[in-house]
Amino acid sequence: MMSRNELNQSIKFLPAQQLINAEKYLTKGDTIFAMQPFEGIHVIDNQNPEMPVQLGFINVPGVSDFALKGTKILANQSVDLIEIEWKNSSANLKFRKENFNKELSPPDNIVSSIVKNRPDSLVIVKWIEK
Amino acid sequence: MKTLIKTLFLFAFCFALVSCEDDPVQPNENNYVNVGTPKMLSIGNMLVIYDGENVSQYSTVTNQPVFVKKLLDIFYEKEVALKKLDDIHFAVATESSTAIFEIDGNNVNLIDHSFFSICNNFAAAQNAFARVHHSAFSNSNYCPETNPDVEIFERDAQWNLTQVATIIEAENAGIAFYGDTLFICKNGVSAYALDALLQPQFITNIAGIYAEEITIKNNLLLVQTPEGLSQIRFKNKQFKLLSEI
């Protein structure tokens, strides 16, 4: 879980990170965007497919899916819908619609009282199976 | 007496500890939830969004997506996939059904909604995903992925399906079409040409790559593997591994 404040401040462009369990790849021109579920989006310069270069990692905790539209990256981030502008190798949050999506439900569908009775300010960004 | 009080106190303390440590939850109406993971798809001037319960259409002609209409209610299913089939068609696949929508200008129309129409053993929406995926590229056929075979279907204008071929012992993983060439995960990544009767003719394969998902851009295959991303060029009926991340 993450506080609402942390979630709202979480979009950052970080140095390249190891590509682990990426689930969705989208391309725009020579750039590949690879989503690592609930963590963020890897950005890869693919001008030379024989030698792709990882440009960096857009930190998007809670991301469950994304789409590309021109220079925009639209994404479901936990309960929010967000838009990030990808321009000149930088990522900037353009808007956030809070509480747009349903909350991520646990893998077993059972919500414990800890989750149910948590403070309103906490947002679920990921479930980890024990 | 003191000993009895001590014992009772100790018992109460231990009970409290156990209660704090565990949070036993029994499924009931109040704590059972079943919404899916949000998904989205960009197609034309619109965004199709599954928010965990409903699939809705949003317009993207303005700066921010604007709600247009609800397209589909999803009841009690968690595995939901949105897939672009071509420039005017997309599919919403769940564990039990596949709905196909057609874009007509700014309108979106449901043209087919099949429940268990082809395979009654969908393990997950990923299978439904694959089966609708292929009409995107071939337009005249339809190729569901079953476990573990790949079945090729011909579809008519009404989206009625007729099975015409099967590739056995495929690995129930990545599958994609490019023109009339079918790429599937079988002993690595294999390429098949579909002839006029939609019968698959084996062309070649590249071993050692387990393709969880295959995306094609021109003749470049982006292959999602458990280790990362592989890029493979398919040219002159030959594969060439270009890079791995």
Considering only residues that are closer than 23 Å to A:PRO107 by Cβ and among the aromatic types (Phe, Trp, Tyr), which ones fall in the range A:20-60?
A:PHE38
Among the residues of the range A:34-57, write down those that are aromatic (Phe, Trp, Tyr) and either facing chain B (nearest Cβ under 9 Å) or part of a loop (DSSP other than H, G, I, E, B) (or both).
A:PHE38
Candidate set: the range A:94-117, residues that are of a type in the set (D, E, K, R) and modelled with pLDDT under 80; chosen: the one farthest from A:GLY70 (Cα to Cα):
A:LYS116
Members of the range A:9-43 that are free of Cβ contacts under 8 Å to residues at least 24 places away in the same chain and of a type in the set (A, V, I, L, M)
A:ILE20, A:ALA22, A:ILE32, A:ALA34
Which of (1) of a type in the set (A, V, I, L, M, F, W, C); (2) without any contact (Cβ under 8 Å) to a residue 12 or more places away in the chain; (3) farther than 30 Å from B:ASN45 by Cβ; (4) crowded, with 20+ Cβ neighbours inside 10 Å does A:ILE128 not meet, given it meets every other one?
(4)
Going by the structure shown, is A:ASP30 within 14 Å of chain B (Cβ to nearest Cβ) and either touching a Phe, Trp or Tyr at 6+ places or on another chain (Cβ under 9 Å) or crowded, with 23+ Cβ neighbours inside 10 Å (or both)?
no
Limited to the range B:49-62, what total is found for residues that are facing chain A (nearest Cβ under 8 Å) and over 26 Å from B:LYS78 (Cα atoms)?
1
From the option list A:SER89, A:SER78, single residue qualifying as small (Gly, Ala, Ser), in contact with a helix residue (DSSP H, G or I) (Cβ under 9 Å, 6 or more places away or on another chain) and under 30 Å from A:GLY29 (Cβ atoms) is A:SER78
Within the range B:150-245, which strands (runs of 3 or more DSSP E) (wholly inside it) include 1 or more residues that are in contact with an Asp or Glu (Cβ under 9 Å, 6 or more places away or on another chain) and within 14 Å of chain A (Cβ to nearest Cβ)?
B:175-178, B:213-217, B:220-225, B:228-235, B:238-244
Counting only residues that are over 17 Å from the mean Cα position of the chain (by Cα) and not β-branched (Val, Ile, Thr), give me the strands (runs of 3 or more DSSP E) lying completely in the range B:34-94 with at least 2 of them.
B:46-50, B:54-59, B:66-73
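The values are calculated or read from the model by the stated rules, or taken from the named source; none is laboratory data. As the structure is a computational prediction, the values presented were derived from the model and not from experiment. Positions of Cβ are backbone-derived with ideal geometry, glycine not excepted, and every protein chain shown enters the neighbour counts.
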